[in-house]
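Please treat every number below as a calculation from the coordinates, not as lab data. No experiment lies behind these values; they were computed from the predicted model shown. In this analysis, Cβ positions are derived from the backbone assuming ideal geometry, glycine residues included, and neighbour counts consider all displayed protein chains.
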Amino acid sequence: RSYVNVSLNVPLLKGFGTEYNLDGMYSSLYELENARRTLYKQQVNIVLSTVTAIYDIIKNQQQARLLSGQLNGLENHLAVTESKEKTGLATAMDLYRAELRLKDIQNEITSLQEQHENHVDRLKELMAVPMQGDVTVTAPVDYKPIVIDPEQAVTVSLENRIEIEQAKRRVKELRRKMIIAKRNILPALDLNVDYERYADDKTFELTEDIWTLSLGSSTDFTRSNEKLAYARSKINRRKAQIDLKEEEQRIVKEVRSRINSMIKKEVLIADRISQEKQVVGKQELAASKFNHGLADNFDLLEAQTQSQQVKMALLADTVDYIVGTYQLRAALGTLIDARKAQ
């Protein structure tokens, strides 16, 4: 004889409601959402790393151009000093100082070239392109101070940061788990329905139906493990609520720190611009004295060194400020549209 069998198990006391019956589906959906949020955070980090690498390359290129310009000026100064030494208008010390400064500039250019190669390799790695060959990058290096209200920035960040959404979703998921754990405390009482239909092997006709109904239960009336699991689920949910508050405070602190850093950088850039104007005047005066034989080249070389340092620092601060605007947007949660990214 052959037969067809169908069985159905229905939990009578704890099997009602979508939380219990669709637990597997909801858990999978939660994990999927978590994976998407994790992907979004990785995308933000990649964008920030790429922007940083690009501006590091641009900073190195522009600093190298500044040093190359100063190198040309020093080579001309060295030639003039050699001529003046032959006529007694300059000393051997003047010549030595010029040669020493020239060597320093050459060493700085070599160091910048090494940094440039490292930053290019880093960018290639981020872009997943072959290491062979060069990469040409362009990006604006215009300094434009931003205007932003700190309190409004905090509000925007709390509305947009994916970490807040993730923490809230975790609280919701653990609440659902807590409801299931509470329902599991109920005694196990299951209705078992079994249906069988037999057939004669000779005629292949289904000729006999058998229905079986039964109740199944458990002898564990104390439900100790289930009560412990429920207590643990309440603790987990409470901890998730605390974690949410802590995450909000961390983000508020991060946003305010970013804004304060930008404000300090604006003050520093303004000081650099003022210093640059002062150094230009000092350099012109020192050059005039040296050219007219009123002083040696010590003050001139010192002024040139200060001018180079101020220009290099101004460029570095400007680039840091531009990169800082991207970091601030990431802190606000507006660097990448989370809906489009997912």
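Before moving on, here are some points about what is shown:
- The stretch between A199 and L13, if pulled fully straight at 0.36 nm per residue, gains 63.3 nm over its current Cα-Cα span.
- Ordered by the count of other Cβ atoms within 10 Å of each Cβ, fewest first, K177, K182 give K182, K177.
- Label point distance in nm, V137-I109, each placed 7 Å from Cα along Cα→Cβ: 2.3
- Orientation-averaged projected area, Cα convex hull of segment 183-342 (nm²): 23.8
- Förster radius 56 Å - calculated FRET efficiency between Q241 and A270, Cβ distance, rounded to 0.05: 0.80
- Computed helical MRE - 222 nm, the chain, DSSP H runs ≥ 4 contributing -39500 (n - 2.57), nearest 500: -26000 deg cm²/dmol
- Estimated distance in nm for a label pair at E85 and K227, the labels positioned 7 Å out from Cα along Cα-to-Cβ: 9.7
- Derived value for the chain: Kirkwood hydrodynamic radius 27.6 Å. Basis is the mean of 1/r over every pair of different alpha-carbon atoms.
- Low-density loop cleavage sites - trypsin sites (Lys or Arg not before Pro) in segment 291-342, where at most 13 other Cβ are within 10 Å (DSSP): none
- Charge dipole (the chain, unit charges on Cβ, about Cα centre) - positive-most of I251, N184, I336: N184
- Ranking L268, Q283, Y30 by how far each Cα lies toward the positive end of the dipole of the chain (charges on Cβ) leaves Y30 at the top.
- Averaging Cα coordinates gives a centre for segment 145-186 and one for segment 93-139; these two points are 45 Å apart.
- Charge dipole (the chain, unit charges on Cβ, about Cα centre) - positive-most of N76, Y326, L300: Y326
- Label zone of T155 (point 7 Å out along Cα→Cβ, amide N under 20 Å): in segment 247-271 this covers 248-260.
- Rounded to the nearest 20, the Cβ-based charge dipole of segment 2-341 about its Cα centre (Lys and Arg +1, Asp and Glu -1) stands at 1360 debye.
- Between the beta carbons of R169 and R256, assuming R0 = 25 Å, the FRET efficiency works out to 0.50 to the nearest 0.05.
- Extension gain, N192 to L95, is 24.6 nm, computed as 0.36 nm per intervening residue step minus the present C-alpha separation.
- Listed pairs K144/K168; K168/K265; K84/K282 exceeding 25 Å between Cα atoms: K144/K168; K168/K265
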